[in-house]
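Following: one structure in structure tokens, then a few remarks.
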Amino acid sequence: MDRTLESTLLHIARTRLVHDFPGQINACLDVLDEADLWWRPNEQTNAVGNLVLHLAGSNRYNLGHVIAGAADVRDRDAEFAARGTHSKADVRKTWDEAVKLGDEVLAGLDPLRLMETTERGGKTTTFAQVLLHVLGHVGVHLGQIVYVTKQLKPGALDEIWMRMRAR
């Protein structure tokens, strides 16, 4: 297939959402212990555990529900309410399952469908808009996760951005 804007966008989204971003989040989870996972400087901030649960829920919602049409089973409030109630293994499992679902959805998405509209997200939007939203959303929270990890474990991540892109 010749490269088109649609196929290029889908390829970039899948690369970032299935390989790059999860690799960076997993690198953070690798160095954080259980206490670090739920650390927060104050009650108005989210712990890394909350952010990972939130990204898993958001990606399942946007990719699984909005794009693929699966049932909406998300409990967004629970993503933020967790306070050490999930083990690191449980958080990682939840994240890994969401990444796997995202991979399946994006692998099966025909690039020609990116301008298709849906109202499953509460307003009329294209699949391309959903993908761009998800990329930005994960990128913002990934930055928070990396920042907290670097605060708690100085030197542990080194050049995480470059290492993930070299793969």
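This table checks each residue for (1) part of a loop (DSSP other than H, G, I, E, B); (2) open to solvent by 30 Å² or more (accessible area, probe 1.4 Å); (3) of a type in the set (A, V, I, L, M); (4) touching a residue at least 40 places away in the same chain (Cβ under 8 Å).
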site: Thr94; (1), (2), (3), (4): no, yes, no, yes
site: Glu97; (1), (2), (3), (4): no, yes, no, yes
site: Gly102; (1), (2), (3), (4): no, no, no, yes
site: Leu112; (1), (2), (3), (4): no, yes, yes, yes
site: Met115; (1), (2), (3), (4): yes, yes, yes, yes
site: Gly121; (1), (2), (3), (4): yes, yes, no, yes
site: Ala128; (1), (2), (3), (4): no, no, yes, yes
site: Leu131; (1), (2), (3), (4): no, no, yes, yes
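More than 18 Å from the chain's Cα centre (by Cα) and closer than 14 Å to Leu51 by Cα, is that true of Arg83? The answer is yes for Arg83. Scanning the range 72-88 for residues being under 14 Å from Gly121 (Cβ atoms) and open to solvent by 70 Å² or more (accessible area, probe 1.4 Å) gives a total of 2. If you filter the range 1-20 down to residues that are polar (S, T, N, Q) and out of contact with any helix residue (DSSP H, G or I) (no Cβ under 8 Å at 6 or more places or on another chain), you find that the one that is most open to solvent (accessible area, probe 1.4 Å) is Thr8.
Could you count how many residues in the range 84-107 are among the β-branched types (Val, Ile, Thr) and at pLDDT below 95?
Looking only at the range 84-107, we keep the residues that are among the β-branched types (Val, Ile, Thr), and these are 85, 91, 94, 99, 105.
From what's left, at pLDDT below 95: 85.
Within the range 84-107, residues that are among the β-branched types (Val, Ile, Thr) and at pLDDT below 95 number 1.
Among the residues of the range 21-44, which ones are polar (S, T, N, Q) and either at pLDDT 95 or above or open to solvent by less than 40 Å² (accessible area, probe 1.4 Å) (or both)? Break it down stepwise before answering.
So the first thing to find is which residues in the range 21-44 are polar (S, T, N, Q), and the list is 24, 26, 42, 44.
If the condition is that a residue be polar (S, T, N, Q) and either at pLDDT 95 or above or open to solvent by less than 40 Å² (accessible area, probe 1.4 Å) (or both), then Gln24, Asn26 are the ones that fit.
If I filter the range 153-167 for residues that are touching a helix residue (DSSP H, G or I) at 6+ places or on another chain (Cβ under 6 Å), modelled with pLDDT under 95 and outside any loop (DSSP other than H, G, I, E, B), do I get at least one hit? Checking the range 153-167: at least one residue is touching a helix residue (DSSP H, G or I) at 6+ places or on another chain (Cβ under 6 Å), modelled with pLDDT under 95 and outside any loop (DSSP other than H, G, I, E, B). Scanning the range 63-92 for residues that are in a helix (DSSP H, G or I) and of a type outside the set (D, E, K, R) turns up Leu63, Gly64, His65, Val66, Ile67, Ala78, Phe80, Ala81, Ala89, Val91.
The values are calculated or read from the model by the stated rules, or taken from the named source; none is laboratory data. Since the structure is predicted, the reported quantities are computational estimates derived from the model, not experimental observations. Heads up, the Cβs are rebuilt from the backbone with ideal geometry, glycines too, and the neighbour counts pull from every protein chain shown. Quick note on the areas: whole protein, heavy atoms, side chains included, nothing else; ligands and nucleic acids left out. Shrake-Rupley method; radii C 1.70, N 1.55, O 1.52, S 1.80 Å.
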